[in-house]
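Let me begin by presenting the structure, written as structure tokens, before commenting on it.
Please treat every number below as a calculation from the coordinates, not as lab data. Because the structure is a prediction, the values reported are computed rather than measured. Heads up, the Cβs are rebuilt from the backbone with ideal geometry, glycines too, and the neighbour counts pull from every protein chain shown.
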Amino acid sequence: MSVISLAVLLILILMILASAIRILNEYERGVIFRLGRVRTVGGRPMAKGPGLILLIPVVDKLVRVSLRTVTMDVPPQDVITRDNVSLKVNAVIYFRVMDAIKAIIEIENYLYGTSQLSQTTLRSVCGQVELDELLYQRDKINLQLQEILDRHTDPWGVKVVTVEVKAIDLPEEMRRAMAKQAEAERERRSKVIHAEGEFQASAKLRDAAEIISVNPMALQLRYFQTLTEVAAEKNSTVIFPIPIDLITPLLRLADRIEKKSSG
């Protein structure tokens, strides 16, 4: 046998070995098709791996499946909510393959199928709720999306772990309307707080008036305190109130003198 023949034989042997040996990573499983049928162990279809896998060249075909969690971005979807508001909603879903054989046999491409299902489900669920519910109850919407997707992907051997609504793109007109609503709400709260303050102040003044009515000297002491505070400001003008009780006798005396002089 010539050297060339030996070289050709060696190359053929290496090619056969290369096609017969596969190495799967820890996060991978292999679905083996033998003459078009899934290879079984004990009469049950079973994925192989991880580690070294030996195949029969030409007879066996190996399909790799990753068991790691897949992060898939759902493109923005045009949605009309139940209260007729047009907006765009996008989300992100986290899922993983739990049964490699179902993921290969039951659906042509489980990644594409999950992506399309998530888009239609997102439009359907968001179209059944009002805008306020979509904005303020995201946890409820996320849970509903996760349950629906998980139920539909279960026959494919896919487990949807989490669904999160990422962003809600509102029209400019709706943003201005919501800004006006927020401004009006803030103004309402301000007026309520101001009214509550006035009510509390009036209640305290009433209590103070009751105390002063029992102890009239408290009014005089308060008056002296006010004069002290005014004098501390270095004002050139001081208002000095005179009680009516001091002026009344003088007015009566002036009336009597006027009557005598006219009589």
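Within segment 47-71, the set of residues being among the aliphatic types (A, V, I, L, M) and surrounded by 15 or more Cβ atoms within 10 Å (Cβ to Cβ) comprises ALA47, ILE53, LEU55, LEU62, VAL63, VAL65, LEU67, VAL70.
Taking the listed residues ARG22, ARG34, the one that is touching a Leu at 6+ places or on another chain (Cβ under 6 Å) and at negative phi is ARG22, with no other qualifying.
Tell me, which residue of segment 149-162 that is surrounded by 19 or more Cβ atoms within 10 Å (Cβ to Cβ) and in a helix (DSSP H, G or I) is nearest to the chain's Cα centre (by Cα)? So, considering only residues that are surrounded by 19 or more Cβ atoms within 10 Å (Cβ to Cβ) and in a helix (DSSP H, G or I), the one nearest to the chain's Cα centre (by Cα) is LEU149.
Within segment 150-178, which residues are within 30 Å of ASN109 (Cα to Cα) and among the basic types (Lys, Arg)? Listed by number, the residues that qualify are ARG151, LYS159, LYS166. The numbered conditions (1) farther than 30 Å from ASP169 by Cα; (2) surrounded by 15 or more Cβ atoms within 10 Å (Cβ to Cβ) are all true for PRO76 except (1).
Here is a yes/no grid of residues against (1) farther than 17 Å from GLY157 by Cα; (2) out of contact with any Ser or Thr (no Cβ under 8 Å at 6 or more places or on another chain); (3) charged (D, E, K, R):
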site	(1), (2), (3)
GLY30	no, yes, no
LYS48	no, yes, yes
GLY51	yes, yes, no
ASP83	yes, yes, yes
